[in-house]
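Working notes, structure below.
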Amino acid sequence: MTISLFQRQSISRRLLAWFRRNARLLPWRSDRNAYRVWISEVMLQQTQVVTVIPYFARFVRRFPTLAKLAQADEQEVLRLWEGLGYYRRARALCRAAQLLHEAGYRTIPNDPDVVAALPGFGRYTVNAVLSQAYDRPLPILEANSQRVLCRLFGISRSPGAVQKQLWQLAADLLPQKSVGDFNQALMELGALVCTPAQPQCDRCPVRSHCQAKQQNRQHEIPLRARSASTVAVEEVAVVIRKRDRLLLVQRPDEGRWAGMWEFPHHPLEAPESHESAAYRLVAVLGLVCAGLSELMTIRHSVTRFRITMTCMQAAHKRGRPRAKGYRAAAWVGADDLHNYPLSTPQRRLASRLIELDRDH
Ligand code: SF4
């Protein structure tokens, strides 16, 4: 697909003018430098802007420079990241900061080859950070911008099937200057105006170029991928008490929630009861416990899995915890739980335990 010079210039000029009038005031848009752009871009992956705002503020207050982040304790970074999800991003951030610091850099360098070799930097992140921080002429493509491009150019196939074409269109539209603003404008238009279900074409600065609008096909484009069907999972978690302390285990270095802590939990094996699953878990940990009772039920989702976690508690009788499959195990006082990074459902359980502790 070729775009005429007129079309290219008109689209980029209109989008930039619209962005300057309508861009949201976001913390990473003021006092912009490559480090802050990087942190915000990583946090914004798979996460909504309103969710990211307080996390970003806390993070850059605690780690205002790349050097500070390079020297950070990974557990503290995970604790600050808690609730944002996709924790692999936080660990990659730490590792990338360390590598850059060791190589003598004080911020993200203006060098795509160096940046692309760092952990956590895919094509989108390299281009988003370098275009915004240094005005490098690099295109971006993510969910919002690909929806805008599909509609603008009347591409009715699924965006996943036409990635190459979309990257090329994003590159063809780049202006000579203000590339970072243009990239943000494309995403901002998708977030505020060209939204998935209710595109507000009357407010759109590029409506005169939009093929979807001309053909009245805004609601058909882009073609939505069929969502995978959900799977229900039943789990049991056991809070094991040893006098006034509770058993936490640390997840291994790889996989989901790597390096985070949790109360031991595992899926039920049908047709097992919750009690049997709890005792089986206690045995796997090399412990003997008594006085099993139910505490609460937590429902949450992880990708397409809808998990119901029945949380039990039991008193430790004997045995040293075997951290089989885990990195470590620790007996922790309820008043110390806030120091350990936990996933959102595990934090809900920890909050309940702190309440119970306070009531006693
Ligand atoms: Fe999206 Fe409508 Fe603008 Fe086209 S005219 S880009 S469909 S908001």
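On a 0 to 90 degree scale, rounded to 10, what angle separates helix 88-102 from the longest Cα axis of the chain? The answer is roughly 70 degrees. Taking 326, 105 and ordering them by how much accessible surface each has at a 1.4 Å probe, largest first, produces 105, 326.
Only protein heavy atoms count here; on that basis, with a 1.4 Å probe, residue 153 has an accessible area of about 10 Å².
What base-10 log of the normalised intensity I(q)/I(0) is obtained for the chain from the Debye formula, alpha carbons as equal point scatterers, at q = 0.14 Å⁻¹? Treating every Cα as an identical point scatterer, log10 I(q)/I(0) equals -1.13.
In order along the range 58-65, the phi-based Karplus estimate (6.51 cos²θ - 1.76 cosθ + 1.60, θ = phi - 60°) of 3J(HN,Hα) comes to 5, 5, 6, 5, 6, 10, x, 9 Hz; Gly and Pro are listed as x.
Full extension of the chain between residue 53 and residue 283 gives 78.5 nm of extra length, using 0.36 nm per residue less the Cα-Cα distance.
For residue 289, the solvent-accessible surface with a 1.4 Å probe is about 20 Å², rounded to the nearest 10. Taking only C-alpha pairs under 8 Å that are 6+ residues apart, what is the relative contact order of the range 65-190 in percent? The normalised contact order for the range 65-190 reaches 21 percent. Of the residues 45, 137, 338, the one whose Cα sits farthest towards the positive end of the charge dipole of the chain is 137 (charges of +1 on Lys and Arg Cβ, -1 on Asp and Glu Cβ, taken about the Cα centre). Restricting attention to the chain, close to 70% of DSSP beta bridges with both partner residues there are antiparallel. Could you tell me which of 191, 230, 211 has its Cα farthest along the dipole of the range 179-239 towards the positive end, charges placed at Cβ (Lys, Arg +1; Asp, Glu -1), taken about the Cα centre? Value computed over the given set: 211. What relative contact order, as a whole-number percentage, does the range 40-124 give when Cα pairs under 8 Å and 6 or more residues apart are counted? Normalised by residue count, the contact order of the range 40-124 is 27 percent. Shown in residue order for the range 344-356 are the 3J(HN,Hα) couplings computed by the Karplus curve 6.51 cos²θ - 1.76 cosθ + 1.60 at θ = phi - 60°: 4, x, 5, 5, 4, 5, 4, 4, 5, 5, 5, 4, 4 Hz (x for Gly and Pro). Count Lys and Arg as plus one, Asp and Glu as minus one, and take only other residues whose Cβ is under 13 Å from that of residue 1; the net charge is then +2. On a per residue basis, the range 201-278 carries 57 Å² of accessible surface, using protein heavy atoms and a 1.4 Å probe. If a paramagnetic tag sat 7 Å from the Cα of residue 227 along the Cα-Cβ line, which residues of the range 291-314 would have the backbone N under 16 Å from that point? Flagged as within label range: 300-307. Working from Cα pairs under 8 Å separated by at least six residues, relative contact order for the chain is 16 percent. When all protein chains stay in place and ligands, DNA and RNA are ignored, the 1.4 Å accessible-area order of 58, 20, largest first, is 20, 58. Shape of the range 74-116 from the C-alpha gyration tensor: prolate (a/c of 1.5 or more and a/b above b/c, with a ≥ b ≥ c the square roots of its eigenvalues). Listed values for the range 124-133 are Karplus-derived 3J(HN,Hα) couplings in whole Hz (6.51 cos²θ - 1.76 cosθ + 1.60, θ = phi - 60°), namely 4, 5, 4, 5, 5, 5, 6, 6, 6, 7, and x replaces Gly and Pro. Rolling a 1.4 Å probe across all protein chains gives residue 167 an accessible area of roughly 30 Å². Taking 317, 242 and ordering them by how much accessible surface each has at a 1.4 Å probe, largest first, produces 317, 242.
Distant-in-sequence amide contacts of residue 289, defined by a placed amide H-H separation under 5 Å and a gap of 5 or more residues or a different chain, comprise 317.
Across the accessible surface of the range 68-131, with the other protein chains kept in place and a 1.4 Å probe, carbon and sulfur atoms take up 48 percent. Between residue 354 and residue 338, the modelled labels are 0.5 nm apart [label points 7 Å from Cα along Cα→Cβ].
The values are calculated or read from the model by the stated rules, or taken from the named source; none is laboratory data. Note that the structure is predicted; figures quoted are calculated from it, not measured. All Cβ positions, even for glycine, are placed from backbone atoms using ideal geometry, and neighbour counts span all protein chains on display. Please note that ligands, DNA and RNA were not included when accessible areas were found on the heavy atoms of the full protein model with its side chains. Shrake-Rupley method; radii C 1.70, N 1.55, O 1.52, S 1.80 Å.
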